[in-house]
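The structure appears right after this line, and notes come after that.
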Amino acid sequence: MIKVVTLKAKKVISIKEFNEHTDDDAMKKALVESDRAIWDNEDDKQFLVALMQDDKLLRYMNSTGWHMPRRSIYE
């Protein structure tokens with residue numbers, strides 16, 4: 001399951017889920033949703049948009065740009 005989680009001031013305001021097992025376009029849809037969340041919150045300095053797969057953080061975006069965690073799924 002791919003998730004796009006949006007937080008404002010450390011509170012979850014949105015979780016969108018996409019099932020990559022039943023939808024071949026799930027990752028594309030998740031990336032589009034993360035872009036929408038970023039555009040909706042780009043004026044707020046306390047936002048964070050996280051892209052997750054199987055409850056593991058792939059990467060996240062805050063007001064300074066995209067970041068990959070030290071312990072990402074790609075390690």
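Approximating the spin labels as points 7 Å out from Cα along Cα→Cβ, the His21-to-Asp44 distance works out to 3.2 nm. Surface exposure of the chain, expressed per residue as accessible area with a 1.4 Å probe, stands at 72 Å². Multiplying each eigenvalue of the alpha-carbon gyration tensor of the chain by 5 and taking the square root yields semi-axes of 20, 15, 10 Å, largest first, rounded to whole angstroms. Close Lys pairs in the chain (alpha-carbon distance under 17 Å; sequence gap of 8 or more, or different chains): 12.
Only Cα pairs under 8 Å and 6+ residues apart enter the sum, and on that basis the relative contact order of the chain stands at 29 percent. Cβ-Cβ distance of Lys8 and Leu31, R₀ of 25 Å, FRET efficiency by 1/(1 + (r/R0)^6): the value works out to about 0.75. Could you state, as a whole-number percent, how many of the C-alpha pairs of the range 10-53 are farther apart than 17 Å? So the pairs more than 17 Å apart make up 34 percent of the total in the range 10-53.
Across the accessible surface of the chain, with the other protein chains kept in place and a 1.4 Å probe, carbon and sulfur atoms take up 48 percent.
The values are calculated or read from the model by the stated rules, or taken from the named source; none is laboratory data. Just so it is clear, the model here is predicted, and its values are computed rather than measured. Cβ atoms come from the backbone with ideal geometry, glycine included; neighbour counts cover every protein chain shown. Note: accessible area is taken over every heavy atom of the protein model, side chains too, but ligands, DNA and RNA are not part of it. Shrake-Rupley method; radii C 1.70, N 1.55, O 1.52, S 1.80 Å.
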